[in-house]
Each structure stands twice: as structure tokens, then as C-alpha cells.
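Written below as C-alpha cells is the structure these notes are about.
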Amino acid sequence: MKPHGIFLALAGLVLATFFIQAKKPATVGRNHLMADTVIEFTPEVRSIIDQKCLGCHNPDAKNEKAKEKLQWDAIAKLSKAKQIAIMDEVLEVLEKGSMPPEKFLANRPEKKLTEDEVKLLTEWANANADRLLK
Amino acid sequence: MKRIGKFLAAAVLVIMIGIQFIPSNIPENKTDNPDDIIESGVVSEEVAIILKTSCYDCHSNQTKLPWYSKIAPVSWLIAKDMNEGREELNFSEWGNYPKRRLIKKLEGISEEVGEEEMPLPIYTIMHGEAKLSADQRKLIVEWTKNETNRILEN
């Protein structure tokens, strides 16, 4: 009986550890507490922004108006309302095709957003706005 | 010299008359605005009065057009301000804006009014009653914050 008992006890311990692991919340990736108050970037979206938007919308840019209107890397510090407002503005400029601006594109036509990029950014901005509004 | 003077005067007159025939592009007013913010009842009487007096001429479908709005080139400036104003923010369409747009517009109003950029000085020169006092600005900014919170909580 004794060896069986020990075996059962050990088996019980192993099973118990499985249960403990299953209850632990996933810490890889997003922090669920933050998820509804901050805009999240996917790698694809981040790449588009880095290539086509960050040139003007960063704290060291020459364009004062662009700097004032939006700085991508400072978004997380803004209020929920301001972040929602930015997502809506992104959607509006994508709809109108007004960003990057024509004047800028005249010398840098490669910076124009492709149809796929517009679609991706639109879906992303919509999803973030909806999530923050819940 | 007198001849040149007369000629120039005549030329100016011809130009002034001629430009009256260029269409001014002043947008139309609408008397029926079911989505109007004041109609919806979300603003207090105080806020409604400020909106109507200081904002509605550019930011609604109910612009009060003075006699000089029919005379070019003033009519062109008025048309530009009205068109841009309505496009940027139209209180008559407030009920049509999705929540996220409302939040954006409220942020914009808070900034522009708080920083005294709005109403435009060129407008308040002609419309003294539209000038906003510090208290009125404070009221509007407070209203935008409260309304934003109300929208976020619903």
C-alpha cells in the first residue's frame, strides 16, 4: 500500500500544479487593466506610422503645426478622450485623403499612403476608438 | 493727371460692379434641423444662448446674414468662413455625429474657446455681442468636459 500511497500523493501534487498554472492570468502581451484606456499599436501599423507619419509628428520636427496637433509617441500619456479624438481625426484624414499633405508629397511621392495602408489604418483606428468607448 | 484719375476711378467702379456677378458660394440655410444640439436638449439655457450668439453664424445651418453679405468681395470672405466653419463643426448636425466624433469636437471646442482663438476676431469686430467674456469661456470649457464625461460613461 505504501508505494501506491506515495505514488498517488505525488500524482496529486503534479495535478495540483497544473490547476495552479491554469488559474494564473496570462502576463505575456497585454495588461488587461490598461487595455481599455490606451491606444495599442500593432507591428504593421507601427511600421506605417514610422515610415509615413513620424517625420512630422514627432517632438523634433520642424513643422510646428504638425508637432502641436499630434505626436505619435506621446499618445499614451493623453487622456482617454484625447486618444479617442485622435483616432477619430485619423479616420477623418484617411477618409479625405489629406494626410500626408499634398505639399509634402510633391517632393516625396513615395510617402503617399497605399490603398492597403489606408484600409489597415482605418480598421485599426476604428477598432481602437470602439474599444476605448466601451 | 485728371484724366488718369478719372480713368482709374472708372476702372475701379467697373471692377466693383463686375465682381458682383461672380457667385459667392454662400451655403444655404436650413430651417428644419432635427439633429441640432439645442433641439436635442443636452445643453443648458446659458450654453445655448452663447452658442447661438457667438458660434451659430459659422457653425450651424442657421446663419444670420447681414446686408453686406450680399456684396463682393465681403461676401466671398463670409462664404469662406461659413463653409469652413460648417465643415469643421456644425451644431445643426450634432445629433448625426458618432460618439467618437462628438468627443473630438468637444476637445476642439474646449481648446479653441479656452485659448481665445474662437470666435474669430474678424467676426467679433463686426458682431460685438458675440465676444465672449472670461466667465463665458469658462462655462463653455466646463460644459465640454462634463459632456465628454457623460458620453464616455454612457
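No lab work stands behind these numbers, since they all come straight from the coordinates. In this text the structure is predicted, and so the values were computed from the model without any measurement. Backbone-built Cβ (ideal geometry, glycine too); neighbour counts: all protein chains shown.
For the reader, a short list of remarks on this structure follows.
- Between A:Glu102 and A:Lys134, the simple label model (points 7 Å from Cα in the Cβ direction) yields a spacing of 4.1 nm.
- Semi-axes of the equivalent ellipsoid for chain A, Cα gyration tensor, largest first, Å: 49, 16, 13
- Taking only alpha carbon atoms, the protein assembly as shown gives an Rg to Rh ratio of 1.20, where Rh is the Kirkwood radius.
- Order of A:His4, B:His59, A:His57, B:His127 under a 10 Å beta carbon neighbour criterion, fewest first: A:His4, B:His127, A:His57, B:His59
- Nearest 10 degrees, 0 to 90: helix B:99-114 Cα axis against chain B principal axis: 60 degrees
- Rounded to 10°, Cα long-axis angle of helix A:2-23 versus longest principal axis of chain A: 20 degrees
- The distance separating the Cα centre of the stretch B:114-154 from that of the stretch A:75-115 comes to 26 Å.
- Folded to 0 to 90 degrees: helix A:115-133 orientation relative to chain A principal axis, Cα: 60 degrees
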